[in-house]
Structures are given as structure tokens and as C-alpha cells.
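Shown next, in C-alpha cells, is the structure this report addresses.
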Amino acid sequence: MDNNNRRTLALIVVAVGIAVLYYTATELLDSEAPPETPQTTDAPDEPSDATHGEAAVEHLAPEARLARRVVGTIVADHYRAEIDNLGGGVTSFEITNDPRFTDDEGNPLDVLTTSTPGHPRHGYDEQERYESLRMQLGGIDIPDDAVWELDQVSEREVHLTWSGNGVRVVRAFVAGQGPYQLWHTVRVENTANYERTTRLELEAWHWVEREDESGGIIASRSSYISHGACLYGDETERKDRGKLTEDGEHGYGDGDVRIAAVENVYFTQAMAADTGAPAARCALAATDLPNSDDAIGTLFRSRLLYGWEAIEPGGSHTYRTLAYMGPKAPDPLHLAGHGLPEMIDLGFFALIANQLARLLGVLHQYIPNWGLAIILLTLMIRLTLFPLTNLSFSSMAKMRRLKPEMDRINQLYKDDAEKKGAATMELYRKHKINPLAGCLPSLVQLPVWWALYTSLSTNIELYHMPFYGWLVDLSAPDPYYVLPLCLGVLMHVQQRLSPTSMDPTQAKMMMYFMPIMITVFMLFLPSGLCLYMLTNSGLGIAQMRLNEYRLQREVNAAGPAESSDDDEEEDPDDGSDDSPNSQKRRPRRKRKVRRGRA
């Protein structure tokens, strides 16, 4: 064996020896290492060492458990809330400061719809499952039949305490300084002798009956239409019944969740994470009850899930959440902060709609009647947009004077759309009319009118506010349909006054179809919104008549010579000059032109 082979063999032997030594040392070290710290999911829940001698979690018979029920009460300036020690959540939240917010029997309105009659539940045990601010701890089991120890600290503060499964949970419900605010603080204490990992999960519930939510033909504008809502980062997600019942639970956020809520048009139950510690996730779900085929209503659920926290033995962790349960009124929402003003859904043109809502509030400070304030606001917007609307109506007035010629063109070329279009454009050119002048101003105004529409549709200030006579609630439809019918009549008049290039059959259909359609829509929309549209239509007709009057004065002031020129139009035929009529017209037109120049 040469030297090279000997060296190779020696290297192999050394390598094998090193591997054997490494494996042996690793086995020895692993056998001497202390056992791994138990994780939350595998940690035992024995009541011995792990819980420092605590007794096992107590399970009571339903009757015995119900006998231990205690209700705490929080009385604040704007509401009265009740907290239950069985479900561990808020069972009632009645608004007491505003006489507008009452139910059909005149009692204070309860924002928590799952505690009102009509909810498809059977017995107390079902009700407590749907309490707002009901909590769970991820990784730590709090039994559904847990009985919390309730302590009425003061008129504005209630505490709940529960111990078991290696933790002690202390919860404080405290009335906030602003309207409809309820602060909820949860302190989780680790009483086990090992580290616990957990997270807080809070939930809110909302029940709406299908009959109320449908609201009529335009279901989307019913005041009972409901959503689940999540605010995370700079995004706002709203999901309606259809999305949530068909697609299952929706989750949003990644450590940047600010609000989880359930809501309808005018009221919300919102859970806002503490400003310095946003929640991890927001989850939305809805269930048709009793089932999707025979549903009488929908149960919405919103969950606020905080991030996972590791709590050392003997340590604790505290979560703070602001609950806002009340009307979507701008001032209370801004006072609460935490992004809660975004709970008012003003649609795509929210920036404009928000300013219009503020302007309406300012007007109401000087005009105590909200209906008169709406009329004045509509008039102010009409005056502000007058330069734009005047261009549109002036163009329409000029086109209206050409209606006989337009009818003649439609009759002459009723079977030839190309020639009819060419003749119409030639008529516009001859009289210096730009057909787009009537459309472009309307497009510019559209964001303003749409913003006003959404502002009035969602404005809580109109809730149960009367106007005059039979209109006792501007947020509800007209009970006798007077305003919608008047609006239909005015829109019909407006259609008759508006010029059109359509053939007579189409024009007649639009003259009747549009007013009827809008009237049917307005039968189910808030009367405050109908009042705005009625005022706007009346002002529009007045402006059209004003432009007709101004145009007639201009024609009269132009004198007979210029007037005769305007009255002469070329016959919009096929362009040939072979007809006797065309030969007769040319000399007469020349003589008139010469006479006009003289």
C-alpha cells in the first residue's frame, strides 16, 4: 500500500471517529436537559399544582345556575346598561337622554336588538349567548355555563370576576365621559406555574327581521338594512346579509384592526381597540334563522380578536376596549375618537356629503324645523350652482324654441337615423347651439346632488323629527304618499318643458315613465329626502321658465329683421335643389337679407 492510500484510509478512520463522538455527546446532553415548558394548547388543567390548589371548574344544573343570576346596572347621562353575571356580557343598552329614541310602546330604545321581543330564541340560556361584549380567551377554556362573580362598584362601574383553568379574569365595565361610551377592561392573571399564551376575543350581535330589512321596493335604503363592519389600517369593509350568509365568516386585518361593529343605517354597536394597541383581526359572520329557506331574520356577529400574548407564571396582561353603542350622530362619534366617525357611511362622495350635513346642522341652529332647513339648504345649493345650471337651462330653452323644426326633422327622416342625425346637427350649428352645453353642467353637479342624497338618507338628526301636519318623521316614508305624488306631477311637468331629440313615441314614454318610476321609488324612501327632491324640482321648473322669459326678451329686443333671419331655416332634405320649393325660397331669402342689411 503506497503512502497516498495510507493517508486516505487514515482520514476515513478519523472522520468516522469524530461522527461517533459527536452523536454520543449529543445523546448525553439531551438526556440531561430539563423538560420543555408546556405550551398553552397542551398544558394540563389539573386543579393541583397548576392552579395552586384551586377547585375544579364548577358546573351547575340549569335551574341552580339560573338561581345565581345577578344583574349589574350602569347609569350614565345618556344611557342605562345592564350586565349579566351568567353570560358575562351586556344584555341591555337603553338610550335615555333623547325622547326621539323610543320603541313602538314609547319605552327607551334598546340598541341591543338581541334582547328585544321578536328574536327567535327560546329561554334565557339562548339569550345570553348573544350578549354584546361577551368574551373568550383563546387557548384557555371559559365554560359556556360559567358563573361570574359580579360586584356593583358604583352607579357607573360594574366588575365581573371568574377563576379557573389556571387563570383569574377580572373585567371592569365603566361608563365613559362621552355619550354612549362604555369602557371594557379585561385583566388576565396567570395563576398556573407555567407560562400561558392567550388572546382576548370580544363579540357583538345584531338581530334584524327580514320584513323590516326589506323595507319595500328599494331594500337598500331601509333604515333597518344591516351590515357587519371592520375598520383596519386605512380601509373600511362593510358586508351585508347576502355576502355574510353565502360566503361564511370574513376576516380582515393583520395587527392593525381599529373597529369591529354591527350596524344598521342609524345605529351601531362598535368595539374599538385601544389607540396604542390595535387588535389583530376582525371577523364578520351572519346566519339566517331558523334557516335560509324559511328565514324570518338574520343574526349578525362581529368579533374583535387581539394578538396572542405570553403571560408568565404570576404575571398578568390587560386589554382595554371602547364600546360605542348608540346613534350614528357626528358629534358623539367625533368625541369618542378611535376612528368611530367612519361608522357613518356617506358613500363615494363622503367628503362633500359630510360638509353638506354640517351645513344642514348650522342652518338648523337658526331654523328650528328640520324640514324648513332642508328646503333652505336645497335653495342655497341651487343658487351656488346657478352658473352651471343656467348654462344647461339656457341651452335647453334654445332647443325648445326649435321644437317645431325638430319635429319636422323627426317626421321627414323617421326611417333614416343617419340623415336625421346630420340634419339635427346642422340645425344646432345654424343656431349656434351646443347640445353638450346641457349635459356637461349636469355631470359636474352630479357629485353634489348625490352627496346631498346620501347625506339626507343617513342623517340621524332627521330621526323621528316632524315637519308639518302629517309628516311626523322625516326619516320615515310619507304615510299618505302626498310628497311622492306631488313630486311625480312636478317631474312630469319638467319633462314636458324639456326639449328632446327623440322621436315622439320615445319622448312620450320618457314623459310618463320617468315620473312614475321616481314616484314609486319615493313611496318607500325618507320623506326628508322626498322633500329635498320636491323642492329641487320646483326650483328647476322655475329656472326653466326664467330662461324661457329671458330668451323671449332677447328675441324681441333683436328686432323684426334679425328675427326674420332666425325664422328661416334651410329645408333639411337630401341636399338637392331640384324641388320647386327650394327654387322659390332662394330669391325670397336674398331679398329679405338685402332688406335686413339696408
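Values computed for the structure shown
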{"item": "Near-label residues of the stretch 461-499 by backbone N, under 13 Å of a point 7 Å along Cα→Cβ of TYR512", "result": "none"}
{"item": "Net charge, SER537 excluded, C-beta distance under 14 Å - Lys, Arg +1, Asp, Glu -1", "result": "+3"}
{"item": "ARG168 paired with THR318, simple spin-label distance in nm, labels 7 Å along Cα-to-beta-carbon", "result": "1.6"}
{"item": "Sorted peptide list for 264-277, 155-168, criterion being average Cβ within 10 angstrom, highest first", "result": "264-277, 155-168"}
{"item": "Separation of the GLU246 and ASP212 label points, Cα + 7 Å toward Cβ, nm", "result": "2.5"}
{"item": "Per-pair calculated FRET efficiency, R0 = 30 Å: ASP294 and VAL482 via Cβ, rounded to 0.05", "result": "0.20"}
{"item": "Net length gained if the chain between LEU66 and LEU351 were fully extended (0.36 nm per residue, minus Cα distance)", "result": "97.5 nm"}
{"item": "Shape category assigned to the stretch 62-343 from the gyration tensor of Cα positions, a/c cut at 1.5", "result": "rounded"}
{"item": "R0 of 25 Å, Cβ-Cβ distance GLU554-LEU443: FRET efficiency to nearest 0.05", "result": "0.40"}
{"item": "Unit charges at the beta carbon, dipole of the stretch 62-343: most positive-side option, GLY248, TYR224, ILE142", "result": "ILE142"}
{"item": "For the stretch 95-105, Karplus couplings with θ = phi - 60° (6.51, -1.76, 1.60), whole Hz, Gly/Pro x", "result": "7, 10, 9, 10, x, 5, 8, 9, 8, 5, 8"}
{"item": "Packing-based order for 140-152, 458-470, using average beta carbon neighbours within 10 Å, highest first", "result": "458-470, 140-152"}
{"item": "Stretchable slack from TYR468 to VAL75, in nm (0.36 nm times residue separation minus alpha-carbon distance)", "result": "138.0 nm"}
{"item": "Normalised contact order of the stretch 62-343, rounded percent, pairs of Cα under 8 Å and 6 or more residues apart", "result": "18"}
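Taken together, the values in this text are just the output of simple stated rules run on the coordinates, not laboratory data. The structure presented is a predicted model; accordingly, all values stated were derived computationally and were not measured. Backbone-built Cβ (ideal geometry, glycine too); neighbour counts: all protein chains shown.
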